[in-house]
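Colleague: Here it is: the structure, laid out below.
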């Protein structure tokens, strides 16, 4: 299947399975609910409503609120992980069966919850590792030799971008491997590495399309956001609807990207099977 065919098929699957957006919507609702609770218990909601001195925010910075902040972050991570995992299961069903079921998606989310959590935490660790290394080793060195600050920062930014690009390509299919092959976290990573190595050109092309669509969508969103800034205050309902439209647009693009990646994974596996079948047929002849 060509790239254009995969793009069209992925768009069609998303359009016909709007239930795929339910986990994302539930994620937004849960995050909003947790944020309201956090504001309430820390007293920040009273500050926003003008019930506290606007020039005194020292009440926010205490041990209790610090604990509440950590708790809030952990709860967001844990709830988001469940809905993300459920979404992966639903995308799997869409690719294999052409339709998704929310109940089955939740069952998949429960079954693979800790596997997805391990994958999320591992990817986050791999992304944050270079920054930590710079803080631990390069920052003290730059304090001793400040003349190298600008060249070092430029080099670090270049290497960081290169590293993140490499990482995003290398881990592009880790979630499809987890979903389709029913693998654990470690086996999902190793399976992804093997797949990318065997389908490097296919992987890079998929990555380029994903990044290209994301860049175009970001440019469109930025243009629309700049346009919305010209709306008068009296048209607040229109501004609100416009903001909701931008959120839905971003959710649609994100969902299409996930479906496209899962579809590309399956398409790559089909290509391998065809090649093996041809080889066997040629040998028999």
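The values are calculated or read from the model by the stated rules, or taken from the named source; none is laboratory data. Model, not experiment: these values are computed from the prediction. Using ideal geometry, Cβ is built from the backbone for each residue, glycine included, and neighbour counts are taken over all protein chains shown.
For (1) touching a residue at least 60 places away in the same chain (Cβ under 8 Å); (2) closer than 23 Å to residue 116 by Cβ, each residue gets a yes or a no:
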position	(1), (2)
177	yes, yes
185	yes, yes
190	no, yes
193	no, yes
202	yes, no
207	no, yes
212	no, no
217	no, no
221	no, no
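Colleague: When you scan the stretch 27-44, do you find a residue that is within 22 Å of residue 177 (Cα to Cα) and either surrounded by 15 or more Cβ atoms within 10 Å (Cβ to Cβ) or in contact with a strand residue (DSSP E or B) (Cβ under 9 Å, 6 or more places away or on another chain) (or both), even just one?
Modeller: no
Okay, residues lined up against (1) under 18 Å from residue 255 (Cα atoms); (2) at pLDDT 95 or above:
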{"site": "79", "(1), (2)": "no, yes"}
{"site": "101", "(1), (2)": "yes, no"}
{"site": "133", "(1), (2)": "no, no"}
{"site": "141", "(1), (2)": "no, no"}
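Colleague: Specify the residue that is modelled with the lowest pLDDT; the eligible residues are those in the stretch 144-187 that are surrounded by 17 or more Cβ atoms within 10 Å (Cβ to Cβ) and not in a helix (DSSP H, G or I).
Modeller: 183
Colleague: Evaluate the following for residue 16: is it buried (at least 17 other Cβ atoms within 10 Å of the Cβ), within 27 Å of residue 256 (Cα to Cα) and modelled with pLDDT of 90 or more?
Modeller: no
Colleague: Counting residues that are over 24 Å from the mean Cα position of the chain (by Cα) and without any contact (Cβ under 8 Å) to a residue 60 or more places away in the chain, which helices (runs of 4 or more DSSP H) fully inside the stretch 11-128 reach at least 2?
Modeller: 22-42, 44-48, 63-97
Colleague: Looking at 194, 199, can you tell me which residue is surrounded by fewer than 18 Cβ atoms within 10 Å (Cβ to Cβ), out of contact with any strand residue (DSSP E or B) (no Cβ under 6 Å at 6 or more places or on another chain) and over 23 Å from residue 86 (Cα atoms)?
Modeller: Result of the check over 194, 199: 194.
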